[in-house]
1. Determine the dipole magnitude for the protein assembly as shown: charges of +1 sit on the beta-carbon of Lys and Arg, -1 on that of Asp and Glu, nothing else is charged, the reference point is the Cα centre, and the result goes in debye to the nearest 20.
2. Taking a point 7 Å out from Cα toward Cβ as the label site, list the nm distances between A:VAL71 and the same residue in every other copy, smallest first.
3. For helix A:91-110, what angle does its Cα long axis make with the longest principal axis of chain A, in degrees from 0 to 90 and rounded to 10?
4. Can you list the trypsin sites (Lys or Arg not before Pro) in region B:1-78 that are in a DSSP coil and have 14 or fewer other beta carbons within 10 angstrom?
5. Return the inverse of the average 1/r over all pairs of distinct C-alpha atoms in region A:11-104, which is the Kirkwood hydrodynamic radius, in Å to one decimal.
6. Compute the normalised compactness of the protein assembly as shown: alpha-carbon radius of gyration over 2.2 N^0.38 Å, N being the residue count.
7. How far is helix B:50-62 tilted, in degrees, relative to the longest principal axis of the Cα atoms in chain B, given as a value from 0 to 90 rounded to the nearest 10?
8. What is the local net charge at A:GLN37, summed over the other residues whose Cβ is closer than 11 Å to its Cβ (Lys, Arg +1; Asp, Glu -1)?
Protein chains: 2
Amino acid sequence: MKQYDHPCVAELTVTQILHALSDPFRLSIVRSLAALQPQPCAPLQGGRPKSSVSHHFAVLRAAGLVRTEVVGVTHMNSLREQELNARFPGLLAAILAACATESSATEQAATPSGEHSLP
Amino acid sequence: MKQYDHPCVAELTVTQILHALSDPFRLSIVRSLAALQPQPCAPLQGGRPKSSVSHHFAVLRAAGLVRTEVVGVTHMNSLREQELNARFPGLLAAILAACATESSATEQAATPSGEHSLP
DNA sequence: CCAATAGTTCGATAATAATGGAACTATTGA
DNA sequence: TCAATAGTTCCATTATTATCGAACTATTGG
């Protein structure tokens with residue numbers, strides 16, 4: 001039963017976290033996890049090859065954002081919200097809120113009238 | 001009198017902002033500006049060649065974080081705090097707070113007993 | 001035990017970004 | 001007008017990241 005290394009909270013750095021979240025795909029993973037937790041990797045692939053997805057998850061783990069637990073044949077991912085919040089209060093929340101702001105603005109631009117945009 | 005292009009707030013993206021701040025040098029520039037505003041580039045160079053500094057300022061401007069005004073022979077930089085906050089409330093503040101947390105933790109590690117660490 | 005599933009690791013290639021020297025621009029003070 | 005100052009722009013080089021196929025690992029169900 002292989003498990004993963006997760007850095008402890010004291011080791012996390014702001015730049016590493018910001019870098020991890022500065023990639024649109026990784027940010028979308030984190031957003032999905034914030035909405036539904038835990039989740040395996042598969043539903044978050046978005047058409048990418050598995051090796052690429054695996055790489056991005058590794059970056060997120062190294063930054064301390066995501067914890068991956070091996071559960072049977074799937075790897076369950078969750079955000080390290082409490083820990084992150086203990087170390088950098090409000091940081092993750094502010095970033096997620098900013099994403100929400102941004103995407104609702106885009107929706108408005110793309111949906112001028114009464115359409116609704118949930119896919 | 002040459003001036004700079006600054007993207008308008010509506011154009012700013014979260015990933016661009018996070019990427020801009022994921023570089024330690026750029027983050028230190030932003031931190032300095034948050035403490036003292038406006039400032040020319042020169043005092044923030046930190047021993048780097050001017051072309052490099054100029055590049056990093058361009059990234060910060062493109063991300064919408066910094067505004068540069070030409071004032072005589074110097075270029076005065078300031079944070080676009082209000083605008084940024086209007087677009088992504090609390091984002092910049094949370095990131096700056098996280099930096100403060102991080103650096104105070106490092107100070108504690110480096111200063112075990114009663115020393116004080118202001119240089 | 002075998003096949004299927006879910007993901008990782010490796011290795012090569014391509015894309016992005018950082019670095020720094022040299023030449024250039026704009027502004028001011030002498 | 002000339003020299004000095006403060007940055008920028010251009011360019012080449014290097015370093016970091018991302019991408020993706022192929023081979024590999026661990027776990028489970030049959």
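Laboratory data are not the source of any read-out in this text; all were calculated from the coordinates shown. Since this is a predicted model, take the numbers as computed values, not measurements. Virtual Cβ from ideal backbone geometry, glycine too; neighbours counted across all protein chains shown.
1. That gives a dipole near 460 debye.
2. Ordered by distance, the counterparts are at 5.7 nm.
3. 30
4. Of the trypsin sites (Lys or Arg not before Pro), the ones in loops of region B:1-78 whose Cβ has at most 14 other Cβ atoms within 10 Å are B:LYS2.
5. 13.5
6. Here the answer is 1.13, to two decimals.
7. 70
8. +1
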